[in-house]
1. Each residue of the stretch B:187-198 in turn: what ³J(HN,Hα) in whole Hz from Karplus with 6.51, -1.76, 1.60 and θ = phi - 60°, glycine and Pro shown as x?
2. Going 7 Å from the Cα of B:Asp55 in the Cα-to-Cβ direction, what parts of the stretch A:47-70 have a backbone nitrogen less than 20 Å from that spot?
3. Once fully extended, how much extra length lies between A:Ala193 and A:Trp157, figured as 0.36 nm per residue of separation less the alpha-carbon to alpha-carbon distance?
4. Provide the FRET efficiency to the nearest 0.05 for the A:Thr19-B:Leu15 pair, computing r from the beta carbons and using R0 = 35 Å.
5. Can you pull the semi-axes for chain B, root of five times each eigenvalue of the Cα gyration tensor, sorted largest first, whole Å?
6. Set Lys and Arg Cβ to +1 and Asp and Glu Cβ to -1, take the dipole of chain A about its Cα centre, and tell me which of A:Leu195, A:Ile127, A:Gly64 lies farthest positive.
7. Using only the Cα atoms of chain A, what semi-axes does the equivalent ellipsoid have when each is the square root of 5 times a gyration tensor eigenvalue? Give whole Å, largest first.
8. How much solvent-accessible surface does A:Val90 expose, in Å² to the nearest 10, with a 1.4 Å probe and all protein chains in place?
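The values are calculated or read from the model by the stated rules, or taken from the named source; none is laboratory data. In this text the structure is predicted, and so the values were computed from the model without any measurement. Cβ placement follows ideal geometry from the backbone for every residue including glycine, while neighbour counts extend to all protein chains displayed. Side chains included, ligands, DNA and RNA excluded: accessible areas come from the protein's heavy atoms. Shrake-Rupley method; radii C 1.70, N 1.55, O 1.52, S 1.80 Å.
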Amino acid sequence: MEYNFLSITEQILQIGVLTFIFVRSLLLIKRGYNTVIPVFFCFGMLGFLISDIYWIVHTVMFPGKRIPFAVNLMGENAVFLLCATVLMIVVGKERMKPGIETLITGIFAAVITGLWIAWSGEWLKDIICGIVYGYFLTAVVRAVKAEEVMSKKARHWAAVFSLLFVAMMVVQLLIPRPSSIYLEKAYYFVAFAGLIFCIVRTVLAFKDKKNSNYLIAVSFLSFAWATNTMYVSASPVYEFASIVCSITMPFMLFAVERKAEES
Amino acid sequence: MIYAENILLCILIPLLVSLLFITGKAKRFALSFSVGMIVCLLAAYISGYTELLSDIDEFEAAVYVSPIIEELMKMLPVLFCLVVLRTEGSDLLLVAAGIGSGFATFENCCYLLTRGSGVFSYVMIRGLAVGIMHIVCMMVFALSLIAAKRFHALSFPGVFGCLALSMTYHGLYNLLVSLPGLSSSIGYALPIVTVVYLYYEYRKYSNRN
């Protein structure tokens with residue numbers, strides 16, 4: 001019950017942030033920046049907003065009832081697909097050619113999807129969401145490479161870090177419970193360390209007044225890692241990761257605003 | 001128990017005959033309207049089949065599964081017009097409006113025949129809420145496709161992202177109206193408020209251009 005209260009509080013906070021982002025991006029479109037980037041970004045955030053409202057309404061109307069095929073997850077899929085489209089438009093398809101990074105991200109997403117299935121047992125829902133999420137992650141990684149958000153060496157370290165992260169989760173699932181607690185704590189530490197790194201990079205990029213493409217790539221990377229941390233965490237860490245995820249969202253808005261104003 | 005196929009034939013035949021004597025945008029709208037009704041029947045078949053295959057009951061199918069199947073089915077003819085027939089701009093909006101209103105009309109006919117049309121308030125709710133909701137979803141979807149096409153950004157993830165947004169909106173409506181009380185009232189108001197806002201913005205945009 002305590003965690004339910006925590007979940008609702010966190011969702012209300014996220015709804016507040018998403019409403020702010022939705023209104024700001026709508027105003028951006030109305031100010032005449034009605035290019036496809038603010039439109040798709042606005043629609044993506046609207047999908048997330050409706051998804052959160054759906055979850056709260058469902059919790060209030062049918063407390064404790066399981067959702068067989070979560071319609072609210074379609075809203076989250078909308079965010080990932082539309083954000084991936086925004087990245088494709090900003091960076092350009094020709095500069096986002098798939099490479100070894102795409103393959104590693106694909107493996108990463110496949111393992112995460114496998115873990116979701118192992119945890120929930122809902123394979124259809126998890127496979128659909130896993131494909132969409134994997135697509136979004138590969139788009140982010142390709143944008144990070146194209147905009148040179150990280151050096152080649154840093155990208156290699158990030159790949160090692162990510163594979164280590166999923167390996168820890170797999171091992172944690174396989175070993176018996178008392179021993180797995182330490183590993184669970186270790187991968188939470190790794191996830192949040194990555195998240196802090198991404199947020200600091202994003203803040204520094206804004207402070208250094210980098211170009212809008214760079215800002216979009218780095219802010220979307222923060223959001224992607226925040227959602228990743230959220231999706232692999234159990235309550236109450238999930239709620240904490242979700243709050244951090246809400247903090248990363250306005251950075252995406254500011255980057256999109258910068259892009260719209262520049263263009 | 002109603003025979004939905006027979007009702008469809010009864011409504012569809014005069015419309016199809018009228019197509020022989022009308023041209024231009026009227027013909028396109030009548031054809032889209034007919035397609036919308038056919039799509040509604042197919043969506044009902046698929047929803048029923050899904051219900052049989054999985055372990056969900058009729059209520060769960062209506063609230064959780066129908067929005068996904070209905071929006072997916074409505075999207076297919078619009079996408080066909082855009083990709084194969086190269087329909088663009090206001091013509092695509094016309095097609096989307098036709099499919100949405102055809103879908104809503106046939107669904108309303110079936111509901112009224114099943115549950116009766118004696119209660120005026122229920123009839124108005126069906127018309128104003130459900131009917132409008134299908135049109136709103138289609139218009140938002142078509143507008144996003146037009147925007148994407150205009151800026152050369154039409155892509156598979158973009159299209160399915162917009163579709164997922166329509167599904168979530170539809171799902172929220174179905175969830176809100178699934179229980180009587182305040183939630184239902186909010187649910188019925190949702191498509192009306194959305195369509196008024198959408199119309200206002202659309203008129204402003206049309207006048208500006």
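1. Ordered by residue, 3J(HN,Hα) equals x, 5, 6, 3, x, 5, 4, 5, 5, 5, 4, 4 Hz.
2. A:63-70
3. Answer, rounded to one decimal: 11.6 nm.
4. According to the calculation, E is roughly 0.25.
5. 26, 21, 18
6. Positive-most Cα among the choices belongs to A:Leu195.
7. 28, 24, 16
8. We get 10 Å² for A:Val90.
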